[in-house]
Amino acid sequence: MNLVVALLKEATPLIESWGLKKIQHTPFPLYAANQRRLIISGMGGENAAKASQYLIDHFPGKNLAWLNLGIAGHGSLPRGQLFSAGRIINQGGPQVFYPPKIIDSPAPVSELTSCLQPVTNYLQNMGFDMEAHAFYRIASTASTRELVQVLKIVSDNPEFPISEFQPVMATQWIRENLSIIDDWVSKLEEMALEIMPSYEVKNCLDRITRKGRFSATRTIQLSSLLQQSIALGINLDDVEKAFQAAPTPKLAIQEIENFLYQKRVLP
């Protein structure tokens with residue numbers, strides 16, 4: 001499980017509750033224990049993207065669970081309310097993400113817009129943060145999107161603007177919602193275990209990656225494609241043949257994607 005959190009004040013309740021220990025000599029503050037890694041990215045989309053990519057590059061894994069947790073403004077919800085992002089918009093950009101709703105939770109689902117600066121002009125039924133979109137864009141390259149989720153706690157709204165927010169409030173609100181957050185993390189971890197690649201997939205993955213220089217990200221993409229092949233009832237030997245003529249890992253991924261696309265099309 002990989003958690004990306006912007007601020008230490010947001011991370012402190014999780015570090016204490018889960019007994020996470022700081023890892024030395026990393027470009028971002030990183031805490032880990034029992035297969036859980038929490039990285040403190042700093043504020044902003046660029047930092048969230050870099051921190052997420054660091055986890056992908058240095059702790060590669062196939063279909064790991066990912067969670068972005070932190071504070072957000074909101075046009076309708078009260079301060080201290082935990083919510084999950086069901087639609088993530090990038091302010092000024094066309095790409096929109098839709099994290100699947102796979103966990104039953106008392107936390108409501110809300111739209112979320114990631115902005116370059118804190119927002120003071122609140123819109124009804126909309127959350128506002130600075131990291132979620134960049135986090136989701138990077139993390140979803142390394143895991144199936146069902147396992148990439150965003151949880152936010154409302155820090156400011158039309159009644160209580162961001163100027164009245166104090167960082168210590170984030171620690172208090174996350175501690176108050178810790179049981180719900182724990183439930184999300186545990187369920188995501190259970191789901192990740194359920195879709196871990198089979199022995200057959202691992203063997204095929206090893207054979208293919210030995211033939212070329214696959215990055216951690218490309219390896220994860222390939223593993224996901226092989227698992228999709230199994231789900232479609234396709235013999236992995238046929239998938240491996242589709243790879244043979246590709247001169248580079250990038251083209252190999254494209255060849256397998258094209259092969260699977262043809263198999264998905266109904267006659």
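In the condition set (1) of a type outside the set (Ser, Thr, Tyr); (2) out of contact with any strand residue (DSSP E or B) (no Cβ under 8 Å at 6 or more places or on another chain); (3) farther than 23 Å from PHE28 by Cβ, GLY61 is compliant with all but (3). When PHE160 is tested against (1) part of a loop (DSSP other than H, G, I, E, B); (2) in contact with a Gly (Cβ under 7 Å, 6 or more places away or on another chain), exactly one condition is not met: (2). When ILE174, ILE230 are checked against the criterion of being under 22 Å from the mean Cα position of the chain (by Cα) and not small (Gly, Ala, Ser), a single residue qualifies: ILE174.
Filtered by the rule that a residue be at pLDDT below 95 and either in a loop (DSSP other than H, G, I, E, B) or within 19 Å of GLY45 (Cβ to Cβ) (or both), region 126-157 gives SER140, THR141, ALA142, SER143, THR144, ARG145.
The criterion of at least 3 residues that are of a type in the set (Gly, Ala, Ser) and either within 20 Å of LEU260 (Cα to Cα) or touching a helix residue (DSSP H, G or I) at 6+ places or on another chain (Cβ under 6 Å) (or both) is met by the following helices (runs of 4 or more DSSP H) wholly inside region 170-244: 216-231.
Of the residues SER114, SER110, SER140, SER84, which single one is within 19 Å of PRO13 (Cβ to Cβ) and out of contact with any Pro (no Cβ under 7 Å at 6 or more places or on another chain)?
On the way: SER114 fails: within 19 Å of PRO13 (Cβ to Cβ); SER110 fails: within 19 Å of PRO13 (Cβ to Cβ); SER140 fails: within 19 Å of PRO13 (Cβ to Cβ).
Matching residue, one of SER114, SER110, SER140, SER84: SER84.
Within region 208-226, is even one residue of a type outside the set (Asp, Glu), at pLDDT 85 or above and out of contact with any strand residue (DSSP E or B) (no Cβ under 9 Å at 6 or more places or on another chain)? No, the conditions are met nowhere in region 208-226. Filter region 113-159 for residues that are of a type in the set (Gly, Ala, Ser) and surrounded by fewer than 24 Cβ atoms within 10 Å (Cβ to Cβ) and give the result. Selection gives SER140, SER143. The strands (runs of 3 or more DSSP E) located wholly in region 1-112 that include 2 or more residues which are crowded, with 19+ Cβ neighbours inside 10 Å occupy 2-5, 30-33, 36-40, 66-74, 82-90.
So which of PRO78, PRO60, PRO108 ends up being at pLDDT 95 or above, in the same structural domain as ASP183 (by TED's automatic domain parsing) and in contact with a Ser or Thr (Cβ under 9 Å, 6 or more places away or on another chain)? Before you say what the answer is, go through the steps one by one.
Values: PRO78 fails: in contact with a Ser or Thr (Cβ under 9 Å, 6 or more places away or on another chain); PRO60 fails: at pLDDT 95 or above.
After ruling out the rest, the residue left standing is PRO108.
Screening the candidates LEU67, LEU77 for the property of being under 19 Å from the mean Cα position of the chain (by Cα) and closer than 20 Å to LEU178 by Cα yields one hit, LEU67. Scanning region 160-214 for residues that are farther than 25 Å from THR144 by Cβ, among the hydroxyl-bearing types (Ser, Thr, Tyr) and either out of contact with any Ser or Thr (no Cβ under 7 Å at 6 or more places or on another chain) or exposed (fewer than 14 other Cβ atoms within 10 Å of the Cβ) (or both) turns up SER163, SER179.
The values are calculated or read from the model by the stated rules, or taken from the named source; none is laboratory data. Just so we're clear, the structure is a prediction, and the values are computed from it rather than from any experiment. All Cβ positions, glycine included, derive from the backbone under ideal geometry; neighbour counts span all protein chains shown.
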